[in-house]
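First up is the structure itself, then whatever we jot down about it.
The values are calculated or read from the model by the stated rules, or taken from the named source; none is laboratory data. These numbers come from a predicted model, not from an experiment. For neighbour counting, all protein chains shown are included, and Cβ atoms are generated from backbone atoms with ideal geometry for every residue, glycine included. To get the accessible areas, we keep the full protein, side chains included, count just its heavy atoms, and leave off ligands, DNA and RNA. Shrake-Rupley method; radii C 1.70, N 1.55, O 1.52, S 1.80 Å.
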Amino acid sequence: TLRIFEMGFGSGLNAWLTARAAAGTGRRVEYVALEHYPVAMETVQGLGYAADPLFVALHQAPWNEAVPATESFSLKKVAASLLNYRFDTTFDLVYFDAFAPDTQPELWTADVFRRIFDILSEGGLLVTYSAKGTVKRNLREAGFDVKRLPGALGKRHMVRAVRPPVE
């Protein structure tokens, strides 16, 4: 089982793409997404992917409980702020998709990244589209090995941060 945590469910695009990628792999994905500002269903219906029943089902899934979305993908959407959320498990991968550091600087601190570091398994990854210098410095301060990568979806760069194995 691959355990994924997403900071910022937002449009649901990351969850949807992950659920689609998991289909037919024989690997189970447990996906937990934290969202402090849920997107309205009217907005979701205006997105280009809203014709896919899986995309709609992810948005219609109840909040604060794990539900099977497909045979290989379970989703738990949590309506909460990361700043006071208490984790109860570890994860292999984190999609850190909070609003930009200029918009929500309190979510991009070394202290927040230390909390994320602590819930990642050894060798676990955090990926984010923010490649600001302060973000990379705060990730390094929290203990991550950080690498800037070519961006996706129109972004120039993105960041991959790895929790190194304990020696």
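For beta carbons closer than 7 Å, sequence separation of 6+ or different chains, a first residue in region 29-44 that is under 12 Å from LEU82 (Cα atoms) and a second that is among the basic types (Lys, Arg) and open to solvent by less than 40 Å² (accessible area, probe 1.4 Å), the qualifying pairs are ALA33/LYS77; GLU35/LYS77.
All of (1) more than 15 Å from the chain's Cα centre (by Cα); (2) assigned to a strand (DSSP E or B); (3) among the aliphatic types (A, V, I, L, M) hold for LEU75 with one exception: (1).
PRO101 falls short on exactly one of the conditions (1) in contact with a strand residue (DSSP E or B) (Cβ under 7 Å, 6 or more places away or on another chain); (2) part of a loop (DSSP other than H, G, I, E, B); (3) surrounded by 14 or more Cβ atoms within 10 Å (Cβ to Cβ), and that condition is (1).
Filter region 68-98 for residues that are aromatic (Phe, Trp, Tyr) and either out of contact with any Lys or Arg (no Cβ under 7 Å at 6 or more places or on another chain) or open to solvent by 20 Å² or more (accessible area, probe 1.4 Å) (or both); which is farthest from ARG28 (Cα to Cα)? If we take residues in region 68-98 being aromatic (Phe, Trp, Tyr) and either out of contact with any Lys or Arg (no Cβ under 7 Å at 6 or more places or on another chain) or open to solvent by 20 Å² or more (accessible area, probe 1.4 Å) (or both), then TYR85 is farthest from ARG28 (Cα to Cα).
Evaluate region 136-149: report whether one residue or more is modelled with pLDDT under 95 and over 24 Å from THR1 (Cα atoms). Yes, region 136-149 has at least one match.
For every residue, the table says whether it meets (1) more than 22 Å from PRO101 (Cα to Cα); (2) at pLDDT 95 or above; (3) open to solvent by less than 70 Å² (accessible area, probe 1.4 Å).
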site: ARG3; (1), (2), (3): yes, yes, yes
site: GLY24; (1), (2), (3): yes, no, no
site: VAL29; (1), (2), (3): yes, yes, yes
site: LEU47; (1), (2), (3): yes, no, yes
site: ALA51; (1), (2), (3): yes, no, no
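Look at region 90-111: where a residue is within 19 Å of VAL162 (Cβ to Cβ) and a partner is among the hydroxyl-bearing types (Ser, Thr, Tyr) and open to solvent by 20 Å² or more (accessible area, probe 1.4 Å), sitting 6+ places away or on another chain with Cβ atoms under 6 Å, you get THR90/SER121; ASP92/SER121.
Within region 39-54, the presence of a residue that is under 29 Å from ARG114 (Cα atoms) and part of a strand (DSSP E or B) is excluded.
Restricted to strands (runs of 3 or more DSSP E) entirely inside region 115-165, those with at least 1 residues that are of a type in the set (Gly, Ala, Ser) and under 22 Å from ASN84 (Cα atoms) are 120-128. When GLU167, GLU106, GLU122 are checked against the criterion of being exposed (fewer than 13 other Cβ atoms within 10 Å of the Cβ) and under 23 Å from TYR31 (Cα atoms), GLU122 stands alone in meeting it.
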